[in-house]
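Peer 1: Handing you a structure now.
The values are calculated or read from the model by the stated rules, or taken from the named source; none is laboratory data. Since we're looking at a predicted model, the values are computed, not measured. Cβ: placed from backbone, ideal geometry, glycine included. Neighbour counts: every protein chain shown.
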Amino acid sequence: MTTATESNVVILGAGYAGIGIAHKLLKHTWKKSPSFRVVLVSPSTHHFWNLASVRGLVPGEIPDGDMFRDIQSGFAKYPQDAFAFIVGTASGMDTSTSTVRVTTAAGTQTLHYAHLVIATGSSYPSRIPFGIIGSYEETLDSWHSLQDSVKAAKSIIIAGSGAAGVEAAAELGCAYGQTKQITLVMESELPLTGLFPKVRQAAADALESLGVRLVPKARVATSSTSQQGTLVMLSTGDTLEADLYLPFFGMRPNTQFVPSEFLDPGGSIKLNRTLRVTGSANVWGVGDAGNLERKQLVFAEKQALRLARNLHCVLTSTEHRMGELDVDDGLKMFVTLGKKRGTGQWFGFKMPSVIVSMSKGKKFFAEKGDGLVAGKNIVRSSV
């Protein structure tokens, strides 16, 4: 099936950035230039507030309604000819014909676009459900299965000591540190490689106080799972066994459908500071799919706002007003360490524990989810 409306602004991905950009275009740009239609493409009918997944993996901590929210209902207020929602996954694109192929349950559609926004995010190769891994039903089932496994496990190994691994270990330590064996495998002496030594030490101290066992200077070489659990072979030659294994490493951008000439060696889309794909006039990229900044929500949100403003300029024939992203290559990170503690750094300063726990650690901004799907905010920014 081919959809031949060439005035489409096709947005691939309905995560934080994709939904935010769609709403900004419909709320502000369409009123001034109602000559285009926003087509939002997502494999899932629901947005997954995966920022809170590190706490939500503990059964009973966060209800499904705060983790998953219907996407399409938030766009019902716009004119029918201004918006379309397609449940599917991008499977190919051709910039010479300005088309993108989308695989749906009914088959493959070919969408023509005036502009294409790639906001497909990133994912773990293990398909751990810390993001959309397929349809809403598939993701929800996998999410519930993970929660059940966490509840049943007597021992859990977490591999990867970046923010997600550390936060997950801390949440599990808070809930089960006295009743389950929680182990964090770290590639360095301390977790959170790249942050200030005192930030990293604070994280290590907090994890150990929560009952988390730290295994430093090791990586997972191989793992094998059976009915008895998972056997993990480390780069040191040691082996670990656990009922549940959670690998938080190897995250890659979801850009398998993008032609290789638009990708850097790591699979990220090559972007210029206007958020256009290098070598293209009408393809844009944002967030974890792109190569401009670190793959964190704080940067994806900022990029989404800039991209929406620039696309607004193009669609309203005011392209001379376009601006460039102020690329930030510094380390900005809030890391929760359970419900009452946290650490991190911002603009070169170590963040006090109370600020991290009160801002991010209370609910992981899950209270902003209704506003995101309704077009009121992305996370901290208004739409």
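Peer 1: Looking at 44, 96, 35, which one is part of a loop (DSSP other than H, G, I, E, B), at pLDDT below 95 and at negative phi?
Peer 2: Going through 44, 96, 35 in turn, the sole match is 35.
Peer 1: Look through region 156-203, keep the residues that are free of Cβ contacts under 8 Å to residues at least 60 places away in the same chain and of a type in the set (A, V, I, L, M), and return whichever of them is farthest from residue 346 (Cα to Cα).
Peer 2: Checking each candidate, the answer is 182.
Peer 1: In addition: Select from region 265-316 the residues that are surrounded by fewer than 17 Cβ atoms within 10 Å (Cβ to Cβ), under 19 Å from residue 163 (Cβ atoms) and not aliphatic (A, V, I, L, M) and list them in ascending order.
Peer 2: Correct list: 266, 294, 296.
Peer 1: With the condition being closer than 29 Å to residue 75 by Cα and touching a Gly at 6+ places or on another chain (Cβ under 8 Å), I'd like the helices (runs of 4 or more DSSP H) fully within region 276-383 carrying at least 3 qualifying residues.
Peer 2: Answer list for region 276-383: 297-315, 369-374.
Peer 1: Right, another one. Pick from 146, 140: which is touching a residue at least 24 places away in the same chain (Cβ under 8 Å), farther than 19 Å from residue 342 by Cα, in contact with a Leu (Cβ under 9 Å, 6 or more places away or on another chain) and surrounded by fewer than 21 Cβ atoms within 10 Å (Cβ to Cβ)?
Peer 2: None of the other options fit; the residue is 146.
Peer 1: Give the residue that is surrounded by the most Cβ atoms within 10 Å (Cβ to Cβ), with candidates limited to residues of region 2-30 that are at pLDDT 95 or above and outside any helix (DSSP H, G or I).
Peer 2: Once the filter is applied, the top-ranked residue is 12.
Peer 1: Among (1) among the charged types (D, E, K, R); (2) in a helix (DSSP H, G or I); (3) more than 30 Å from residue 175 (Cα to Cα), which single condition is residue 101 missing?
Peer 2: Only one criterion in (1) among the charged types (D, E, K, R); (2) in a helix (DSSP H, G or I); (3) more than 30 Å from residue 175 (Cα to Cα) is unmet by residue 101, namely (2).
Peer 1: Quick one: how many residues across region 350-383 are of a type in the set (Lys, Arg) and buried (at least 17 other Cβ atoms within 10 Å of the Cβ)?
Peer 2: Within region 350-383, residues that are of a type in the set (Lys, Arg) and buried (at least 17 other Cβ atoms within 10 Å of the Cβ) number 2.
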